[in-house]
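Presented below is the structure to which this report refers.
What follows is calculated from the coordinates using simple rules that are stated; it is not laboratory data. Owing to the predicted nature of the structure, the values given are computational and were not obtained by experimental measurement. Because the Cβ atoms are built from the backbone with ideal geometry, glycine has one as well, and the counts that use them run over all protein chains shown.
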Amino acid sequence: MGIVNVTPDSFSDGGLCGSTERAIRHAVRLIEEGADWLDVGGESTRPGSTSISVEEELRRVIPVVEAMAGMNVSVSVDTSKPEVMRASIAAGAAMINDVNALQAAGALEAVAAGGVAACLMHMRGAPHSMQIDPRYDDVVAEVKIFLQQRLDAAQAAGISRELLVMDPGFGFGKTHDHNIQLLRHLDRFTDLGVPVMVGLSRKAMLGKITGNEVSNRIHASIAAALAAVARGAAIVRVHDVKATRDALAVYNIIEQRQ
Ligand code: YH5
């Protein structure tokens, strides 16, 4: 799954024409690199970030989702807002990727009514404060219980289990050690019976290990993606689609999986 961020162009007048065009060009490139899915997001959920309005998020995301219709890719939309979920589904999205695991009022209903897939991610706290001293007794067990509860809630709301994906949420309210524990023990999530997705690409934990800035984390990201797939991850959400595909092609042949 290739990442398509739609955030305002800091070089232009703050209008969205430039950033829409840039996002669409980037999406086309990721399709050419072999992405099966594109994850389109208009709101930054990086640590410390603050939220944007529904109207602003719709203005950023919907033109890009519409442009992807008819291209050879499935579209996921990274949002926590039910209004954005509904509009994205109407525009052709096949999955809602929610870092808030459909906990907003009306979110479960929006996905259920749309009949699309959903990725439920674990986050402790909210983006503006989640990295302030996160604590767990047993991070793997606690994240797993949360995801189990959200899967049950989604099913109870009428979303078929076949349409659900889960994600432990690397970097979302976790220390470096929590992130390492989650990746090391990722195989413990597979018995919940839904595909596991991971987002490790270019994240701070890779910077901490290698000492590299975000612009130079591609090799570390590949290593993390392979480690996740080796432990049962079915979907890897990445910036560098071609490099990840090449690495997985080699890995999968060795593991006799293709
Ligand atoms: C995720 O893990 N992450 S947005 C900080 C970085 C690099 C990347 C430079 N949406 C996930 O990608 N959805 C995001 O440091 C996500 N899983 C799912 N399902 C954060 C992001 C990033 C943040």
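Taking trypsin sites (Lys or Arg not before Pro) as exposed when their DSSP state is a loop state and no more than 12 other Cβ atoms lie within 10 Å, the longest site-free interval of the chain runs over 1-134. Fewest-first ordering of Cys119, Cys17 by other beta carbons within 10 Å of each residue's beta carbon gives Cys17, Cys119. Dividing the mean sequence gap of close Cα pairs (under 8 Å, 6+ apart) by how many residues the chain holds gives a relative contact order of 16 percent.
Summarising the amide proton neighbourhood of Ile96: residues at separation of 5 or more, or on other chains, whose placed amide H is nearer than 5 Å comprise Val77, Ala117, Ala118, Cys119.
Here r is the Cβ-Cβ distance between Gln103 and Thr7 and R0 is 30 Å; the resulting FRET efficiency, rounded to 0.05, is 0.80.
Length gain on complete extension for the stretch His176 to Glu255, per 0.36 nm per residue less the alpha carbon to alpha carbon distance?
Numbers: separation 79, 0.36 × 79 = 28.44 nm, distance 2.93 nm.
Between His176 and Glu255, full extension yields 25.5 nm more.
Sorted into 5 angstrom bins from 0, the C-alpha pair distances of the chain split as 1, 6, 13, 17, 20, 19, 14, 7, 2, 0, 0 percent. Taking max minus min of the alpha-carbon positions on each principal axis, segment 84-206 gives extents of 39, 31, 24 Å, largest first.
Let me know the whole percent of all Cα-Cα pairs from segment 1-125 that are separated by more than 23 Å. All intermediate terms of the calculation are to be shown ahead of the outcome.
Details: 2009 of 7750 pairs.
Everything past 23 Å amounts to 26 percent.
In plain terms, the residue of Leu120, Leu200 with the fewest other Cβ atoms within 10 Å comes first and the most crowded comes last, giving Leu200, Leu120. Residue order for Asp191, Asp246, Asp98, fewest other beta carbons within 10 angstrom first, comes to Asp191, Asp246, Asp98. Computed over segment 1-86, relative contact order equals 34 percent, with contacts defined as Cα pairs under 8 Å that lie 6+ residues apart. Think of it as helices only: each DSSP H run of n ≥ 4 in the chain is worth -39500 (n - 2.57), and spread over all residues that comes to -13000 deg cm²/dmol at 222 nm. Counting only residues at least eight positions apart within a chain, or on another chain, the lysines with an alpha carbon under 19 Å from that of Lys174 are Lys144, Lys203, Lys208.
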